[in-house]
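Below you'll find the structure, written out as structure tokens, and then a few comments.
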Amino acid sequence: MVPAATKTKADVEYQVMLAVLNFHRDYLALHYSRVRIQMIDNVIEVTLAPRRPIPAEQLLAQSPEGRVQLQQMHTAAFRSGEAQLRDRLQGILGIEVQEFVTQLDAETGINTVIIRLAKSLDLVLPPVSSNEFEVKHLA
């Protein structure tokens, strides 16, 4: 890991992206082909697009009740392991993670994770950008 004093916004964006992606892969056994990250003030938004649809989830997503079940299941699974992700992100950022919000679009499989921090990233890093990464060999 790069020392805090020499981290660039690109370093932090990449480390956060990998932490979220690896959490989904290792803890939730979900695989994604594209990750988009936006870091603004005290909020980080990570959007993950699935590598391929899961047939059982596609079937469930055909009804409103099934979509709600998928969203609830995804949220519960994320919550059960969020302490691991919180610890990892706090180590990368050096800032307390106050809250996670996760939302699954049950029809597309796109997952969005919002991370709220105790203070602005601008206090630690120069203003940050929005980047999109293609994940070819990580998932």
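Just a few scattered comments:
- Positions within region 76-97 being surrounded by 15 or more Cβ atoms within 10 Å (Cβ to Cβ) and either touching a Ser or Thr at 6+ places or on another chain (Cβ under 6 Å) or among the acidic types (Asp, Glu) (or both), in sequence order: PHE78, GLU82
- Matching option when the condition is among the β-branched types (Val, Ile, Thr), out of contact with any His (no Cβ under 6 Å at 6 or more places or on another chain) and not in a strand (DSSP E or B), among VAL68, VAL113: VAL68
- Any hit, region 91-105, residues being out of contact with any Pro (no Cβ under 6 Å at 6 or more places or on another chain), in a strand (DSSP E or B) and of a type in the set (Asp, Glu): yes
- Candidates LEU70, LEU18, LEU60, filtered to the one that is of a type in the set (A, V, I, L, M, F, W, C), under 16 Å from the mean Cα position of the chain (by Cα) and surrounded by 14 or more Cβ atoms within 10 Å (Cβ to Cβ): LEU18
- Applying the condition of being closer than 18 Å to LEU104 by Cα and exposed (fewer than 15 other Cβ atoms within 10 Å of the Cβ) to region 35-53 and asking which residue is modelled with the lowest pLDDT yields PRO53.
- For the criterion of being surrounded by 14 or more Cβ atoms within 10 Å (Cβ to Cβ) and under 11 Å from the mean Cα position of the chain (by Cα), VAL12 fails.
The values are calculated or read from the model by the stated rules, or taken from the named source; none is laboratory data. Just so it is clear, the structure is predicted and the values come from calculations on it, not from any experiment. In this analysis, Cβ positions are derived from the backbone assuming ideal geometry, glycine residues included, and neighbour counts consider all displayed protein chains.
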